[in-house]
Amino acid sequence: MKIEMLEIVKIQNERNKQYDLNWRRAGKNWNQRIWAECAEMLSLYGLKWGRDRACRPELDDSGMKYVRLKIVKLWGLMLSQLIERHDTEEEVAHRLLRKYGYRLCEGSILSSLEWIARVTVTSEDPIISGLFGLMEDAGMPFDELYRTYIGKSDLNNFLQEYNDPCKGLRRALVDIYFLERRDGI
């Protein structure tokens with residue numbers, strides 16, 4: 001797992017450099033982006049204002065696939081936040097390995113999402129433990145995160161290489177690629 005963790009950190013750092021060589025000094029608000037992703041996932045539970053349906057405590061298979069895909073997105077944002085704050089990729093990987101398996105909140109996907117959203121709104125601290133808890137709640141072991149992250153990264157790189165002029169199209173294709181398996185397309 002140590003090798004895979006370091007590989008993911010290196011890939012995220014390189015991906016960020018593709019967009020901006022000076023990305024570490026750009027001052028991006030990673031917590032705001034993390035919070036927005038949590039809000040998208042929370043919408044799966046019918047918590048939006050004005051909806052009639054009750055809060056659904058369980059998600060169907062397609063909902064769980066979407067949650068796992070969003071966990072990979074959260075992972076990339078958290079990695080970016082950590083890489084920006086630390087000198088080396090090795091330091092980031094070491095910090096992640098130290099926190100793996102440790103969680104600050106117990107419960108469900110919903111409670112983990114709420115915890116992550118709350119922390120990102122009120123603090124500048126990375127959400128490492130909350131994300132590991134969310135992975136556990138979603139039944140997503142590290143090897144699944146690793147495989148999905150690598151696959152999504154490869155697909156993003158392919159689309160980047162061919163200069164997709166429409167970023168929305170790229171995002172939609174990535175999401176379809178990982179969700180289409182449920183339909184056997």
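Numbers below:
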read-out	value
Segment SER123-LEU21, length gained on full extension (0.36 nm per residue, minus Cα span)	34.0 nm
Listed pairs LYS2/LYS65; LYS28/LYS65; LYS17/LYS99; LYS17/LYS65; LYS28/LYS73 exceeding 24 Å between Cα atoms	LYS2/LYS65; LYS28/LYS65; LYS17/LYS99; LYS17/LYS65
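Every read-out reported here was derived from the displayed coordinates using simple, explicitly stated rules and does not represent laboratory data. Predicted model, so just to flag it, every value in this text is computed and none were measured.
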